[in-house]
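Each reported figure results from applying straightforward, stated rules to the coordinates on display, with no laboratory input. Given the structure is predicted, the values throughout are model-derived calculations rather than measurements. Positions of Cβ are generated from backbone atoms using ideal geometry, with glycine treated the same way; all protein chains shown enter the neighbour counts.
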Ligand SMILES: NC(=[NH2+])NCCC[C@H](N)C(=O)O
Ligand SMILES: O=C(O)CCC(=O)C(=O)O
Ligand SMILES: [Fe+2]
């Protein structure tokens, strides 16, 4: 894993930037902020920018980088929300969210999904009462099976960012990637072929829909077609490869929990099994601490989470999540405007 710990000097430098930006913007989802975030990020300490640039450019096989050392005041951030939709008018974590978005902008553009967390760009990851045993981020008592984020979708993010605000029980996030040479050539060949199906995970299904005011007005039609598309991908998922890119150091697209068994294609079934075993063997536990900013290369690494017992007392584990694409243009056909960050 690539790691950087912010120095005292760097934290001071960042605080000065954040002081200015928190007085200028009231939400990181403001159009103004989103249009300016890349420019503002030029002001971040050079060592930090270089660290993230290297991660982007060199694509280290770990597929993960961690920026730590930013102090979080546990009292200032307030209670862990009881649902992702509990969002005060002005976020108590505005300062932290701005830094999160600045860091993320060095990798690409943050995007949201109209079918997930009501189109918000910055997600709350917190345990929700009633979701304990689901296979979504708001579960707790079940391990969250490792996956690529939004693996089913052609416009899934290149990176997923996780910012930790609170993790009192030291619950590990799991992260895994494939090392060079771990898969035999014939397996790689099979995994490069369009023989696998991945369904949308349940966080995108209509049962988790909440109409909030985040989406532009008059978007009902768009939203309906977005759910139609998700439904179609669920009923009739396209066959796709699980590995792509370079044969020696492939990119990966997988979410075993939401995949079909391959009864009629034993060779593909075997290749999938082998791939799952290799990744499983490489999984590491990453216990995020408050003030940790972690970016996972969604083409190189999978991630999940161990199970835990939530108390629903306002002190539970609390992360923020963003999805980042390197190329906003490729999703233009499902974004209402050229600058819109929400994919329908
Ligand atoms: N294998 C899985 N559980 N995949 C789904 C991951 C959770 C999903 N990204 C969410 O936001 O809730
Ligand atoms: O809670 C975590 O550490 C990861 C959550 C996650 O992967 C998800 O919600 O998709
Ligand atoms: Fe995830």
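One table, with the values for the structure above:
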quantity: Separation of the residue 7 and residue 313 label points, Cα + 7 Å toward Cβ, nm; calculated: 4.1 nm
quantity: Distance from the range 34-76 to the range 265-332 (C-alpha centre basis), Å; calculated: 18 Å
quantity: Potential extension, residue 260-residue 31 segment - 0.36 nm per residue separation minus Cα distance; calculated: 78.5 nm
quantity: Nearest-0.05 FRET efficiency for residue 182 and residue 75, computed from C-beta distance (R0 45 Å); calculated: 0.45
quantity: Rounded tilt (10° steps) of 8-24 against the dominant C-alpha axis of the chain; calculated: 80 degrees
quantity: Contour minus Cα-Cα distance for residue 273 and residue 244 (0.36 nm per residue); calculated: 8.7 nm
quantity: Helix 31-40 axis, angle to the chain major axis (alpha carbon atoms, nearest 10°); calculated: 90 degrees
quantity: Order by protection proxy (mean Cβ within 10 Å, highest first), peptides 298-311, 241-254; calculated: 298-311, 241-254
quantity: Label point 7 Å beyond Cα of residue 192 along Cβ direction - residues of the range 162-180 with amide nitrogen under 16 Å; calculated: 180
quantity: Nitroxide proxy distance, nm - points 7 Å out along Cα→Cβ at residue 142 and residue 280; calculated: 1.8 nm
quantity: The chain - mean residue ellipticity at 222 nm from DSSP helices (-39,500 (n - 2.57) per run, n ≥ 4, rounded to 500); calculated: -8500 deg cm²/dmol
quantity: Euclidean distance between Cα centres, the range 161-221 to the range 83-125, Å; calculated: 17 Å
quantity: Residue of 276, 175, 28 that the Gaussian network model of the chain assigns the largest fluctuation, springs spanning Cα pairs under 10 Å; calculated: 276
quantity: Highest-first arrangement of 35-42, 132-139, where packing means the average Cβ count within 10 Å; calculated: 132-139, 35-42
quantity: Tilt relative to the chain, helix 266-282 - C-alpha long axis, 0 to 90 degrees, to 10; calculated: 40 degrees
quantity: Relative contact order (percent, whole number), the chain, Cα cutoff 8 Å, 6+ residue spacing; calculated: 31 percent
